[in-house]
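Note sheet for the following structure.
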4 protein chains.
Amino acid sequence: MTANKVNVCVLGASGYTGSDFIRLAARHQNINFAALTAHTHAGKKVAEVFPHLATLDLPKLTTVDDVDWSDIDVVVCGLPHGTTQEIIASLPKDIKIADMSADFRLRDAKTYEDTYGKPHQALELQKKAAYGLTELNRDEIRNTRLVACPGCFPTAVLLTLFPLLAGKHIGPNDLIIDAKSGLTGAGRGLKQNTLFSEAGEGLSPYGVGTHRHAPEIDQELTKAFGDSVVVNFTPHLVPMSRGELVTCHVKLCDNNTVVDVREALSAHYASEPFVRVLAEGAMLATQNVRGSNHCQIGVFADRIPGRAIVIGTIDNLVKGSAGQALQNLNLMCGFAETQGLEQLPMFP
Amino acid sequence: MTANKVNVCVLGASGYTGSDFIRLAARHQNINFAALTAHTHAGKKVAEVFPHLATLDLPKLTTVDDVDWSDIDVVVCGLPHGTTQEIIASLPKDIKIADMSADFRLRDAKTYEDTYGKPHQALELQKKAAYGLTELNRDEIRNTRLVACPGCFPTAVLLTLFPLLAGKHIGPNDLIIDAKSGLTGAGRGLKQNTLFSEAGEGLSPYGVGTHRHAPEIDQELTKAFGDSVVVNFTPHLVPMSRGELVTCHVKLCDNNTVVDVREALSAHYASEPFVRVLAEGAMLATQNVRGSNHCQIGVFADRIPGRAIVIGTIDNLVKGSAGQALQNLNLMCGFAETQGLEQLPMFP
Amino acid sequence: MTANKVNVCVLGASGYTGSDFIRLAARHQNINFAALTAHTHAGKKVAEVFPHLATLDLPKLTTVDDVDWSDIDVVVCGLPHGTTQEIIASLPKDIKIADMSADFRLRDAKTYEDTYGKPHQALELQKKAAYGLTELNRDEIRNTRLVACPGCFPTAVLLTLFPLLAGKHIGPNDLIIDAKSGLTGAGRGLKQNTLFSEAGEGLSPYGVGTHRHAPEIDQELTKAFGDSVVVNFTPHLVPMSRGELVTCHVKLCDNNTVVDVREALSAHYASEPFVRVLAEGAMLATQNVRGSNHCQIGVFADRIPGRAIVIGTIDNLVKGSAGQALQNLNLMCGFAETQGLEQLPMFP
Amino acid sequence: MTANKVNVCVLGASGYTGSDFIRLAARHQNINFAALTAHTHAGKKVAEVFPHLATLDLPKLTTVDDVDWSDIDVVVCGLPHGTTQEIIASLPKDIKIADMSADFRLRDAKTYEDTYGKPHQALELQKKAAYGLTELNRDEIRNTRLVACPGCFPTAVLLTLFPLLAGKHIGPNDLIIDAKSGLTGAGRGLKQNTLFSEAGEGLSPYGVGTHRHAPEIDQELTKAFGDSVVVNFTPHLVPMSRGELVTCHVKLCDNNTVVDVREALSAHYASEPFVRVLAEGAMLATQNVRGSNHCQIGVFADRIPGRAIVIGTIDNLVKGSAGQALQNLNLMCGFAETQGLEQLPMFP
């Protein structure tokens, strides 16, 4: 920590969440990039891997082993899930961590193993991690050392549904979450179905009933409702780079109306800088939040009586990952929560 | 009718459904283009309006008034809804009609008026129209003079759900139809939200709870089930030109399983040339039917017990409009049903 | 002017250049939006026309007639060409103007009339306007009241070629400028060929030999070289929203090599915050400047001896329009030149 | 050869050119698919690798070693360059070959080695190969056993420029070929820069001055002109799947005008089924040939006196590869040249 700046190390700086964290935090007054790691690109300049960041004065990419931890105040981790646990477990205990991977999101060891296919390697640490959905968990985040930033889909779903289930405006049954994501949600790995020629000009469902974000959504909605919730979660791949939209088909509780639901959400988020509940008649679009930490939520009448449609949208790389990580880092370090996140959406 | 050819007039040849009908029917052995109308482009060559059709030898575009009806055997109508009724009512009675507009799809006069905002102008004709979902209504189509080709979304939804509701494999309650369409579904009219710069790189819901295809879906699913069905219908605009995918979240009846549902659909469509039910584990994509008259359907387990996810995909301009019109024309004229529809999907 | 803030009026705030100016200037410490005009949308909130700006606290849209000019320090004009001259001519003389339209770019009255199809209405003002290519004309811009911001293509071309022609590194003959632009370059007007379904998945040349930016390029390159220059200018429409890339095929002077050309450009732009000359072997992409005020230039060997290929890329809405307008406003008002322009490129 | 059908083996059926050959030839009356090879997918059904072809009745994918050559009349080869030579050299001598790879295109052994980085392995065969640009070389193709189908860019360039150079309408100096291609031109291999998230919404030059198609263009244009021609060849990657457009900036010979050039091309291609020279004022677009074997050429005045701009466009996978291979196969086998190639362009 030099003067008012914290020294940050980004693990996995050659991925999309890592680079988007750099894009945002580069304009933060109190962040100094002290180390950036990228296993296969170690030794290169960031500009070689991400030419759009070439104007920044950044340290070269290194391996994790080459980081001088005595110099680091905060680690932001953008590594793939399953690779992070031992690294984080081995860090000096005075380093704060904002983890963008999936490794510390699930509370239940068995659920983790079932979902990610191998036993968790840092169970003690997992218990101490705060779930980093900022708007729902500020106090815990402020006082933790390790924040497990939510998955991109869970972020959109929980911002949209958590207050409604907690407030008993909607019920826990037949919760249908029809989700749509741009291609960056699939990461920077090389897969045939994410090639431009194959993903372009087309839409496809994927991971229907089996997507790894579903147990995470169940876990948090169960917490909201106070009793077990199991959701339908049906993601689709959309031919766009950024953006996520979750169309939640819900049952209204008792005498709740669409207007009640909208008002409950509006009241809940009235003082939030990044969440905005749309007025009746306004329409959502992922374009309206692109590149920003914003979340927009709309509430719509269903043709089926007793039901409603609640739709949320975020930029999966920002509020769904790097932006939320920065928001949490701000809380952990005592900075203004919106610092570095003033970026407006880019349209067109 | 010359030799084995029917003389076809396309009304509205400067729109997307009109031009795609020309693209397909140009390779049909028994079709002769006798007249092509396009109000604002009358007098032009087709090549000026659609340069991709420049290699065809086609008549010039004319107004409707300039068509010599004595020369016409079949009218294919691609005009906007609400403009077609009087024209069709005034045609010589020996002309067959395949109407791609919405004007003769709804049986109930009041539903039509509520949905399209003005009273129907040809109620007598409406009663005689056959609903042109070919796979479900062949006999009636063969013997009618006027086919009302279904909307693109209803085509995808009904192919996916009609046999399941009729066979009591799924129930009529809480039918959630989360639908996605490419931009050609919005037609060739000039709207700001369909500009490349605005529609690209983003996804947006539209017409939530109010889309005009919903009453049409209700009407036909009610017929399938034998009692009133009201669906949730939630369409989204996807940044691609062609393609439509409907994600139907359904409740299983009694002891039905996902396997039962898949087998029922497979059996039902076993001999259909254009409908294909995917094996377990195979995934759908609009890319796999692009440009063709094909429909693909997949059945997936839901995480919520007692529910399933049934997904259908078509090319909205082909099976969802011009292709189905040609399929119906083939039935009405006694040609082989697949003639002119052998076009394979184009991927990438 | 209140405290350290200037009161800015944006004319044409419902267009893309107007809204992108708002996006950038919203983060400027010394700018207050005092008035925003939009003829057909007068009376609406900005959020209705541009939902992505909904989080800003902005004045409502008004007509030009309803602006209280006594309150305005600077006008930023994003109106279509040909509509701006009389409005600007009628403004109080103490108001500074950054004009993003084409109306004050051409020095020669006859060239203006030939290019834009009608006589110029404010010839006196035209003579006083500074040509607003910031990097080439800082002193004049600092001391003028009216800046004519260059067209998007001229900005990219002049940044790439002006120093090379001025320095006699390349010759004035056979200058081939093969240009490519995203769809926002065509503005927000409704045209069939800019619909998503028509512009997507395809590339087309347009305005070959006749594009209105060509005389502007000639004018400035003639200034650079000191003698008449006439260029080949061949633009193409690319299926992307933002971004412009100009591939300039040039003849080397005398003993100049590709290395000489690269070094000349590097030296020329060494201290520029927004222009970056790439090292040998690095490749340009519009993605690397998207959303930012950056310009990247690369120099490549031609297979034909004595020639070279010099390529420049910018974001047409930022450095090509709104960003450059803000850069010029900063100069005119004595603010730090980079204020409000710290926005990094967004990739992916 | 059974009845009127030839037995075809497609080598490399899991690539884009292989699958597009299948798409086209599936509608050919005289072709029977006897064997399909795909090294890493051997044992799978084609439908698993290309679901859009699932409706066809095709043999399973095999290795090359498992093909029974006694059963094969024609081999269509879609393998990567450098892997094909030994395979083709070892085939029974009565098998005809249409090779879509680069392996037999270059006449000069040293140029091949310089361009592709290793010595040619079948020099004898290379000498006997006919260069398969159908419109320019029909007689040789009809009488050969082995056709080397041209690269996609050379196809577009040569159709556009060959008759003009041969007829001395344009000169050989300062030939600038600014080329643009969709992403399928980069093949189905996994590369980071061809991911949707990286290639989308952006344009980038690549292989400037070094692209492997340049020596092939030189070779053929030298043949056309009768003396050495060296071109500038500058390709760009465009965010679309299919389509190629070459903007050729040329010098007019002597008294030739733009009208002369257009008329010379029109006359040359007057009886060609797939090449169309546009009238003055008409504009090209890759969309207008998408999915078809068509080529469109336009001629435009340059602002620089004595120069012209000649632009050609094709679908790189069809006329640029699989379609031209089928066209050549038709010639070699004595079928109607247009069989299987009646596919109209698909727009939108």
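A few remarks follow.
- Residues C:S19, D:S266, C:S204, ordered by accessible area of protein heavy atoms at a 1.4 angstrom probe radius and largest first, appear as D:S266, C:S204, C:S19.
- Spherically averaged projected area of region C:138-194 from its Cα convex hull (nm²): 6.3 nm²
- Too-long pairs where the Cα-Cα distance tops 19 Å, listed order kept, from C:K5/C:K96; B:K180/B:K319; A:K251/B:K251; D:K96/D:K118; B:K180/D:K45; B:K118/B:K319: D:K96/D:K118; B:K180/D:K45; B:K118/B:K319
- Average projection, convex hull of the Cα set of region A:163-305: 9.7 square nanometres.
- A:A267 versus A:T63: modelled label distance in nm, points set 7 Å from Cα along the beta carbon direction: 5.8 nm
- Computed from the C-beta positions of A:Q29 and D:K191 and an R0 of 41 Å, the FRET efficiency is 0.60 to the nearest 0.05.
- Overall Cα dimensions of region B:6-128, principal axis frame, Å, largest first: 46, 27, 25
- Separation of the A:K127 and A:K223 label points, Cα + 7 Å toward Cβ, nm: 1.7 nm
- Between helix C:16-25 and chain C there is an angle of about 80 degrees, using the helix long axis and the longest principal axis of the Cα atoms.
- Net charge, B:I176 excluded, C-beta distance under 12 Å - Lys, Arg +1, Asp, Glu -1: -1
- Across peptide C:291-299, the mean count of Cβ atoms from other chains lying within 10 Å of each residue's own Cβ comes to 2.
- Solvent-accessible area of C:L158 with every protein chain in place, 1.4 Å probe, in Å² to the nearest 10: 0 Å²
- Each chain gives up part of its surface: B and C jointly bury about 1700 Å² of accessible area, both sides summed, for a 1.4 Å probe.
- Helix axis angle, C:213-225 relative to chain C longest principal axis, alpha carbon, degrees: 60 degrees
- Counting Lys and Arg as +1 and Asp and Glu as -1 over every other residue whose Cβ lies under 14 Å from the Cβ of B:F233, the net charge comes to -4.
- Element breakdown for chain C at a 1.4 angstrom probe: carbon and sulfur atoms account for 49% of the accessible area.
- Shape of region C:67-117, Cα gyration tensor, a/c cut at 1.5: prolate
- Between copies, the label points at B:S228 (set 7 angstrom from Cα along Cα-to-Cβ) are spaced 3.6, 8.2, 8.7 nm, reported in nanometres from shortest to longest.
- Inter-copy label distances at B:N143, shortest first and taken from points set 7 Å along Cα to Cβ: 6.5, 7.9, 9.3 nm.
- Over all pairs of different C-alpha atoms, region A:297-348 has a mean inverse distance whose reciprocal, the Kirkwood radius, equals 13.4 Å.
- Neighbouring partner chain Cβ atoms per residue of D:177-183, average, 10 Å criterion: 5
- Using the rule -39500 (n - 2.57) for each DSSP H run of four or more residues, divided by the residues of chain B, the 222 nm mean residue ellipticity is -7000 deg cm²/dmol.
- Here the contact order of region C:118-192, divided by its residue count and restricted to Cα pairs under 8 Å and six or more residues apart, works out to 21 percent.
- Volume of the convex hull of region D:1-62 (Cα atoms only), normalised per residue: 72 Å³.
- Paramagnetic reach from D:K118 (point 7 Å along Cα→Cβ, amide N under 18 Å) across region D:81-109: D:81-90, D:101-106, D:109
- Helix D:258-268 and the long axis of chain D differ in direction by around 30°, with both axes built from C-alpha atoms.
- Averaged over the residues of peptide D:240-250, the number of Cβ atoms from other protein chains lying within 10 Å of each residue's Cβ is 5.
- Across C:T234, C:T160, C:T55, mean-square fluctuation computed from a Gaussian network of chain C (C-alpha pairs under 10 Å connected) peaks at C:T55.
- Highest mean packing first, where packing is the average number of other Cβ atoms within 10 Å per residue, the peptides C:75-83, D:33-41 line up as C:75-83, D:33-41.
- Full extension of the chain between C:E140 and C:L56 yields a length gain of 26.9 nm, computed as 0.36 nm times the residue separation minus the alpha carbon distance.
- Cα-based equivalent ellipsoid, the protein assembly as shown: semi-axes from gyration tensor eigenvalues, Å: 44, 43, 34
- Averaged over its residues, the protein assembly as shown has an accessible area of 32 Å² per residue, based on protein heavy atoms and a 1.4 Å probe.
- Percent breakdown of C-alpha pair distances by 10 Å bin, ordered from the shortest bin, for chain C: 5, 26, 35, 24, 8, 1, 0
- Kirkwood Rh (inverse of mean 1/r, distinct Cα pairs), region A:101-201, angstrom: 16.2 Å
- At 7 Å out from Cα toward Cβ: A:E86 inter-copy label distances (nm, ascending): 4.1, 7.7, 8.0
- With semi-axes defined as the square roots of five times the eigenvalues of the C-alpha gyration tensor, the equivalent ellipsoid of region C:180-246 measures 28, 10, 10 Å, largest first.
- Chain D comes nearest to the axis taking it onto chain C at the Cβ of one residue; that residue and its distance, in whole Å, are D:D178, 2.
The values are calculated or read from the model by the stated rules, or taken from the named source; none is laboratory data. Just so you know, these numbers come straight off a predicted model, no measurement behind them. Glycine gets a Cβ as well: all are built from the backbone with ideal geometry, and neighbour counts include every protein chain shown. Ligands, DNA and RNA are excluded from the accessible area calculation, which covers all protein heavy atoms including side chains. Shrake-Rupley method; radii C 1.70, N 1.55, O 1.52, S 1.80 Å.
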